[in-house]
Each structure stands twice: as C-alpha cells, then as structure tokens.
Amino acid sequence: MKALSCFAFCLFASQVIAAAPPPPDLPASAYKARRDQVMNGLGGCAAVIAAQGHQPSGVTGEFHQDGDFYWLTGLNEEGAWLEFSPKAKTIKVRLWLQPRDPEAERWTGPREAISPALLEKWGVDKVSRGQPDMVRSAALSGCVAIIAPLGKAKDERADVKLARDAASAAGAKIEYKRTLLEKLRSAHTPDEMARMDYALALTRLGHQAAARNTVTGVSEKFVQAQMEHAFFANGATGLSYGSIVGSGENGAVLHWGRNDRLLRAGDLVVIDAAAEYGRYATDITRTYPVSGKFTDEQAKVYRAVYQAQEDVMAAIKPGVSMPDLQKAAEDSLRRAGYLDKFIHGFGHFVGLDVHDVGDYEAPLPVGAVITIEPGVYLPERGFGVRIEDMVEITATGYRLMSKDFPRKLEDVEAWVKAARK
Ligand code: GLY
Ligand code: MN
Ligand code: MN
C-alpha cells in the first residue's frame, strides 16, 4: 500500500515538474556569507537583530520568522537574537536561543540542545541561551548600528530598543543603517532564484488546478482547496499569502479572502494565490473565465491590463526604478481609458516575504525580483481583471520568471480548455 501510494505520487510529481527540487534549506555557508556581508557594512559598530513572528497577509497560525532574521540565520524559532560584536576578540557573531522549557516543549516539540553540531549548523562563533549583552558590545565598538526597521515609536521593536538602550548606557553613538539589509536582501543570489523558480513551478500546478475547477456552481473555497492541495501535494513548504479567489464582483475587491461565493456562468475569477518553497515566496494572479471564453466587454478590459504589463516590461532597462515602472503602467492604462480603475501600485519586491524589502526609489539592482500586477476593477460591472507576473532584474533588462503561465487572452482560454478536458 505504501509502495503503491509512493509510486502514484512519484509518477505524478515527475510528470508535472521536470526540474528536481533544490533542497528547501540553503546551506549554513550561505547564511555565514550573508552575515559576513553585514559585518563588512557595519563599519565596526555593534548590532543586534531579534527573531519575531511575521504573518504574510492572510496566513495565520504557525510561526513565520521575520524576513531579516531568517535571511541572516535560516532559523524559524521564536525568542532568538543575533548579535554582531565586531571589536570582540573571538566571539564576533553570536546566536542567542530562547531557554529550554521542558513543559512547553511537550506541547510544541523539542528545542535543539546546544552542541558542537548545532554550532556548525548555524555557522556562528557561539550559540548561547538568553539575551545579548549589548552594553558590552557597544562599549567595545563605541558605536551601535540600528539595522532593523524603526517602525512607529510606540511599538518599537525589541532589538531597536535594546540597541538604543545599550548605546546610551555605554556612551556609544548610534548609526542608522537600515538600508544595509534592504540592499543585500533585494539582490538575490542564484541559490535564491532557484528556490523561487521552483516555487513558481509549484504555483503553476495550483493555477492549473484552478483553471480546471473554475466552473459554474462550485464555491470559491472549493477552487482555493484544489489549488492549495496541488501546492502542498507537490512539495510546497507554505503559502506565500492567503489565497484570493474572487469571482464576479469579488474580483473587484483587491484582497478578497472570504472565498465564499458560488461561481456563476459568465463570471471572471481573479485568482491571486501562490506557493512558498524553502521560505521563498511567489506572487501570481490570473483571471479565468468560468464559461471558458471572455465576453467582448471582459476581453477589452483584459487586453488593456495585458498591454499595461507589456508596457511595464518594455520599460525595464538597466537603471530603471519602481516609480519609472509605476509611470509606465499608469500611462498605459490612461491610454486605454482605465486609469481611474487602476487603484493600486503596479508591483513590489518579492523574496523571503511576498511584499519584500527593497529600495522603492533607487535604480533596481541586478537580482531584484518584482511583480508586475496591473489591474482594472469595475464593481459596477460585476468584475475585475488582474494579471500578476514575476520578473528578475538582470544586467541587460529582465527575465520573465513566470513565462510558463498563460498570459495572453487566447492562451488563458486555451489553458482553461485544456485543463478541463
Ligand atoms: N498577493 C498580494 C499581492 O499581490 O500583492
Ligand atoms: Mn503582488
Ligand atoms: Mn498577488
């Protein structure tokens, strides 16, 4: 029985994704290289960053590590800290883990014992339990760099507070270096691209399931379940965000998440849902016709949104910035007569988080991954259209990462037809 189900699954999996999956976790050496880059950027100042839960929009329940902390450590555990102490003699990078708690561990699973193997796994100079002595590090360095987001004063992060208090207690100066992490995180390495590409292959399977199931009479929730089954059955490690299945007038609601309407003949269904792999997010939207064909009115809107994507892609040249691309999207939809129906930004950075960090003003770095997601929303006509793709910024322009998804109107109709055979 076991062999049979494995056989069935393996056959299915190997038929649908040609590439072998990269291991979900990056090697310890990748995290060490990142910490070395941060250490180089600190200019000798001490720094600290704390683990903390972060929910991608709409996803609830399990702990989801803050992107900065994950990027630096690969550790998906609460209560941890990473301390940079550049002027210390030997322990320059130290990982602090929360104390063991046998009672809590019976409920949520064991925390790792500190051992030479653990030290090797995390690739830092020392692993301890507790909280960093930042006053000591600040005194040694004479300055403290704040590398975490400042946020609002009233809900200042614990690491920003610890850094400020330590600087004040040690008489050290503070340097604001938030852009250090943003810059490093937004220029993705080939290792990261491989995981996002694989996550896109999984996402494509989900969208195939969606195209097959966007039929009259089923619920949006049913479509969501079919998609998510395809993601997880094929190896997704998570959802990049809460799945949006917006049929009819719900397609005009940007972050529709209730998914409780029944699909009707003639509806368009805006499906914004994507798999995560190895903690890397993807973000894809497609708009499917329940009847298999777009009406003339729907097709006119679809073509305008498609053209806006084309115009944004045509504007991607070395040195381009996010505002340049926003303008390209707006100019395109103005020409089509729909600018007032385009009510959100054209796109955002993607990486460890679906709405990832990056510089929204400066020229885009090589290795940045962004979405291109124009949309036109006509609640008064009972539908919306969004098409969302992902591109990698390259030295000469861009690579359309989601090129295996249908995008042209005729290709979407053909894909829906083929999926329902
Ligand atoms: N899925 C959320 C977004 O497109 O930004
Ligand atoms: Mn998006
Ligand atoms: Mn999206």
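Region 296-349 and region 202-239 have Cα centres lying 27 Å from one another. Need the list of aspartates and glutamates near residue 317 for cross-linking: C-alpha distance under 20 angstrom, and skip anything on the same chain fewer than eight residues off. Cα-Cα hits under 20 Å: 330, 331, 359, 361, 373, 388, 389, 392. Across the chain, Cα pairs under 8 Å and at least six residues apart give a relative contact order of 14 percent. Here the label points at residue 324 and residue 178, each 7 Å from Cα along the C-beta direction, are separated by 2.5 nm in the simple model.
Within the set 221/341; 221/300; 300/408, which residue pairs have Cα atoms separated by over 21 Å?
Working: 221/341 27 Å; 221/300 28 Å; 300/408 12 Å.
Beyond 21 Å between Cα atoms: 221/341; 221/300.
For 229, 64, the sequence from fewest to most other C-beta atoms within 10 Å is 229, 64.
Exposure proxy for 317, 221: other Cβ atoms within 10 Å of each Cβ, ordered fewest to most, give 317, 221.
Highest-first packing order for the peptide set 301-312, 400-411 is 301-312, 400-411, based on the mean count of other beta carbon atoms within 10 Å.
Taking the fewest neighbouring Cβ atoms within 10 Å as the starting point, the ordered list for 205, 364 is 205, 364. Separation of the alpha carbons by more than 23 angstrom is noted, of 32/403; 32/173; 32/92; 32/154, for 32/403; 32/173; 32/154. Using a ≥ b ≥ c from the Cα gyration tensor of the chain (square roots of the eigenvalues), is it rounded, prolate or oblate, where a/c under 1.5 gives rounded and otherwise the larger of a/b and b/c decides, a/b for prolate? Here the chain falls in the prolate category. State the answer as a single residue: which of 268, 30, 75 lies farthest towards the positive end of the charge dipole of the chain, with beta carbon charges of +1 for Lys and Arg and -1 for Asp and Glu, about the Cα centre. The listed residue farthest towards the positive side: 30.
The phi-based Karplus calculation (6.51 cos²θ - 1.76 cosθ + 1.60; θ = phi - 60°) puts the 3J(HN,Hα) values of region 347-360 at x, 7, 6, 10, x, 5, 10, 5, 9, 8, 6, x, 8, 7 Hz, whole numbers, x for Gly and Pro. The HN-Hα couplings worked out from phi for region 102-115 by the Karplus form 6.51 cos²θ - 1.76 cosθ + 1.60 (θ = phi - 60°) are x, 5, 5, 5, 5, 8, 10, x, x, 8, 6, 6, 6, 8 Hz, whole numbers, x standing for Gly and Pro.
What is the local net charge at residue 315, summed over the other residues whose Cβ is closer than 12 Å to its Cβ (Lys, Arg +1; Asp, Glu -1)?
-3
Pick from 40, 250, 213: which residue has the top mean-square fluctuation in a GNM of the chain where Cα pairs under 10 Å get a spring? With Cα springs under 10 Å in the chain, the top fluctuation among 40, 250, 213 is at 40.
Region 92-140 and region 379-420 have their alpha-carbon centroids 45 Å apart. Helical content of the chain, expressed as a calculated mean residue ellipticity at 222 nm, amounts to -12000 deg cm²/dmol (DSSP H runs of 4 or more residues, -39,500 (n - 2.57) each, divided by residue number, nearest 500).
Every read-out reported here was derived from the displayed coordinates using simple, explicitly stated rules and does not represent laboratory data. Quick caveat: nothing in here was measured; it's all calculated off a predicted structure. Backbone-built Cβ (ideal geometry, glycine too); neighbour counts: all protein chains shown.
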